[in-house]
Amino acid sequence: MVTIPVDAGLRLVQLQNDDAEELFRLTDANRAHLRRWLPWLDRTRVPAATAAFIEFTLRAAEAGNGLHCAIEEHGRIIGVCGYNHIDPANRSAQIGYWIDAGAQGRGLMSRSVAALASYGFARLDLHRQAIACAEENLASAAVAARCGFRPEGIARDAEWLYDHFVHHRLFARLRTDA
């Protein structure tokens, strides 16, 4: 099980099967907050759906093509941050994240993404890490910028979000970036 320290009281811990109930409750409590940007909420209506997601993430980690972590603040899950996809052949990965509405505005996500990116360069030998977020998701774009990810452009109609397509802002950070 991967654990990535972030700072005092804050860490990333690889999702495990016994996180399903707590993660589902957090997701359910933040449904309206998250639905604006995340397309999977309508498929996550019962704890079993979260359990199935965690099982999927464990298989992805075992195969070396993903790593999903709970963001834990003082032992309580407040969000998720991880690699939605790792491409070992090209030493690249795509980062995804979300956080409890009540935990926003304290820099927790920026610190978590920075810690994950450092882990990816140091421990996974990644060369490129990318973040894609809805074009209008300014909070997510700000996290990417604060963590040293450079803008690369817009992917038009990149994601179907319930009843419409959204463009994605693309950001990337290379091992060689200052």
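What follows draws every value from the coordinates through simple rules; no lab data is involved. The structure presented is a predicted model; accordingly, all values stated were derived computationally and were not measured. No Cβ is skipped: glycine too gets one built from the backbone with ideal geometry, and neighbour counts run over all protein chains shown.
Quick rundown of the values:
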| quantity | calculated |
| --- | --- |
| Note, ³J(HN,Hα) from phi for the range 76-81, Karplus 6.51, -1.76, 1.60, rounded to Hz, x at Gly and Pro | 10, 6, 10, x, 9, 8 |
| Relative contact order %, the chain, counting alpha carbon pairs below 8 Å whose residues are six or more apart | 18 |
| The chain: C-alpha gyration tensor shape, a/c 1.5 cut-off, then a/b vs b/c | rounded |
| Positive-end residue, the range 74-136 charge dipole about Cα centroid, Cβ charges, pick of GLY102, LEU124, TYR83 | LEU124 |
| Karplus-derived 3J(HN,Hα), 6.51/-1.76/1.60, for each residue of the range 93-107, Hz, glycine and proline x | 8, 10, 9, x, 6, 7, 9, 3, 4, x, 9, 5, x, 10, x |
| Karplus 3J(HN,Hα) series, Hz, for the range 124-131 with 6.51 cos²θ - 1.76 cosθ + 1.60 (x for Gly, Pro) | 9, 6, 6, 9, 10, 10, 10, 10 |
| Under-5 Å amide H pairs with GLY66, H placed in peptide plane, nonlocal only | ALA61, ILE86 |
| Normalised contact order of the range 1-70, rounded percent, pairs of Cα under 8 Å and 6 or more residues apart | 36 |
| Peptides ranked, highest mean first, by Cβ atoms within 10 Å: ranges 100-106, 137-143 | 137-143, 100-106 |
| Around ARG43: net Lys/Arg minus Asp/Glu count, Cβ-Cβ under 14 Å | +1 |
| Theoretical FRET efficiency, 1/(1+(r/R0)^6), r = Cβ-Cβ of GLU21 and SER110, R0 22 Å, to 0.05 | 0.20 |
| Computed [θ] at 222 nm, deg cm²/dmol, the chain (DSSP H ≥ 4; -39,500 (n - 2.57); rounded to nearest 500) | -10000 deg cm²/dmol |
| Spatial extent of the range 1-100: Rg and Dmax, with the Cα atoms as the point set, Å | 13.2, 38 |
